[in-house]
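Read the figures in this text as sums done on the coordinates, not as results from a lab. On a predicted model such as this, the values are computed, not experimentally measured, just so you know. Glycine gets a Cβ as well: all are built from the backbone with ideal geometry, and neighbour counts include every protein chain shown.
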Amino acid sequence: MELYHLLNRGVDKRQIFLDDQDRARFVHNLYEFNDGVSATNTLRGLPTDSPEAILFDLVGRTSEREQIVDIHGWCMMGNHYHLLVSEIVDNGITKFLMKLNVGYAKYFNERYKRVGTLFQGRTKRILIDNDAHFLHILHYIHLNPLDFLKGSESWRDLEIKNATVAMQYLDQYRWSSYLDYCGKKNFPSVITKELFGDVFRDYKRTITAYLKDIEMSLVKPFLLE
């Protein structure tokens, strides 16, 4: 199994998630398009659906699908997204990203009455090919929302003023897989936790210690700009 960190952002670094409806739609697409069946309609559902309506059927959803990738972690930011993915079928990542990016771009352009490319280009793929990177990458993805928290914006430079406040912020940020890893059902149907669940038996305790220690220097070469 090969594990990849996937990253894409808006063209010209523009914001691609403007409100909770956009974020809910993207989470819905993470589930809906992880399927071997061709997406005949990438605008499934109405753009005017409320976030609650869009997400309702993801709670405990167990409908059969032919999954093409395992999503081990994810996070949405303002102008980009992070995914941690491995393939189940040949070319699964390519197929999944095509449906995901095209589907979300069509939804976004229709909702905001715009035309043209939404993403800056091909989704960046980074192979997780050593133990240090593997042990770090899930934390890195889940800590991205700290960019929004005053006093924690420099977490990549090993600077966090208050780890407790940072943890409280992460506990309130629902647009990542962090809460599901901490045992709080957020969007459990989207992800597969077994790979990292075997490594981090108590993820909340692990990441709390990680923030307090800020011992990231050994893996700093793997951080993304």
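Footprinting exposure proxy ranking of Thr94, Thr117, fewest other C-beta atoms within 10 angstrom first, gives Thr117, Thr94.
Multiplying the residue separation of Phe134 and Leu7 by 0.36 nm and removing their Cα-Cα distance gives an extension gain of 44.1 nm.
For the residues Glu32, Glu153, what sequence is obtained by ranking on other C-beta atoms within 10 Å, fewest first?
The most exposed by this proxy come first: Glu153, Glu32.
Only lysine pairs 8 or more places apart or on separate chains count here, and in region 68-174 those with Cα atoms under 25 Å apart total 6. When a/c reaches 1.5 or more, the comparison of a/b and b/c decides; with that in mind, is region 66-225 rounded, prolate or oblate per its Cα gyration tensor? Prolate, because a/c is 1.5 or more and a/b exceeds b/c.
Shape class for region 130-222, computed from the alpha carbon gyration tensor (a ≥ b ≥ c): oblate, with a/c not under 1.5 and a/b at or below b/c.
Extension gain, Asp147 to Asn91: 0.36 nm times the residue separation minus the Cα-Cα distance gives 16.9 nm. What net charge do the residues around Thr164 carry, taking every other residue with its C-beta under 11 Å from that of Thr164, with Lys and Arg at +1 and Asp and Glu at -1? The answer is +1. Summing Lys and Arg as +1 and Asp and Glu as -1 over all other residues whose Cβ lies under 9 Å from the Cβ of Ile16 gives a net charge of +1. As a calculated quantity, the FRET efficiency between Thr117 and Glu194 at R0 = 22 Å, using C-beta atoms, amounts to about 0.05. Applying 0.36 nm per residue to the separation of Asp19 and Asp213 and subtracting their alpha-carbon distance, the gain on full extension is 66.5 nm.
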